[in-house]
Amino acid sequence: QVKLVESGGDVVQSGGSLRLSCAASGSIFRINAMGWYRQAPGKQRELVATITRGGSTNYTESVKGRFTISRDNAKNTVYLQMNSLKPEDTAVYYCNFFTSSGEYWGQGTQVTVSS
């Protein structure tokens, strides 16, 4: 059984930085893409960033230049470096793995940015 465990969420002041991590455990044959999504109160879950196995990245417009997604294939881990955080970045952040055996989600980690 595959399990994704996120860490790194916290309360931070506007302009601050956080680094989220998401590690997978269990039997995973091949991870094709990894991503981070977020859901703010009263809003739908939205894509934040994705990274392919080859390292190609994609970001939602609002985080470009501030967030960086990276991955360690050997450790089955994905990271999200978040800089210049804004109050509107406040949300529960979820990691997502798209693998050869299916799609998996983490349980979510809370990021709160105070003004």
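The values are calculated or read from the model by the stated rules, or taken from the named source; none is laboratory data. Given the structure is predicted, the values throughout are model-derived calculations rather than measurements. Neighbour counts are summed over all protein chains in view; Cβ atoms, including those assigned to glycine, are modelled from backbone coordinates with ideal geometry. Please note that ligands, DNA and RNA were not included when accessible areas were found on the heavy atoms of the full protein model with its side chains. Shrake-Rupley method; radii C 1.70, N 1.55, O 1.52, S 1.80 Å.
A few notes on this one:
- Accessible surface of the chain, 1.4 Å probe, proportion on carbon and sulfur as whole %: 46
- Across the stretch 43-48, rounded Karplus estimates of 3J(HN,Hα) from the backbone phi angles (6.51 cos²θ - 1.76 cosθ + 1.60, θ = phi - 60°) give 10, 7, 5, 10, 6, 9 Hz, Gly and Pro being marked x.
- Total formal charge among the other residues, if their Cβ is under 11 angstrom from that of VAL92, Lys/Arg +1 and Asp/Glu -1: +2
- Of LEU85, LEU47, ASN96, farthest towards positive along the dipole that unit charges on Lys, Arg, Asp, Glu beta carbons give the chain: ASN96
- Shown is the FRET efficiency for ARG53 and LYS86, computed with R0 = 35 Å from the Cβ-Cβ distance and rounded to the nearest 0.05: 0.70.
- The alpha-carbon of LYS86 sits under 17 angstrom from the alpha-carbons of these aspartates and glutamates, leaving out residues fewer than 8 places away in its chain: ASP10, GLU46, GLU61.
- Dipole moment magnitude, nearest 20 debye, the chain about Cα centre, only Lys, Arg, Asp, Glu C-beta charged: 200
- For the stretch 12-115: accessible area per residue (Å², 1.4 Å): 51
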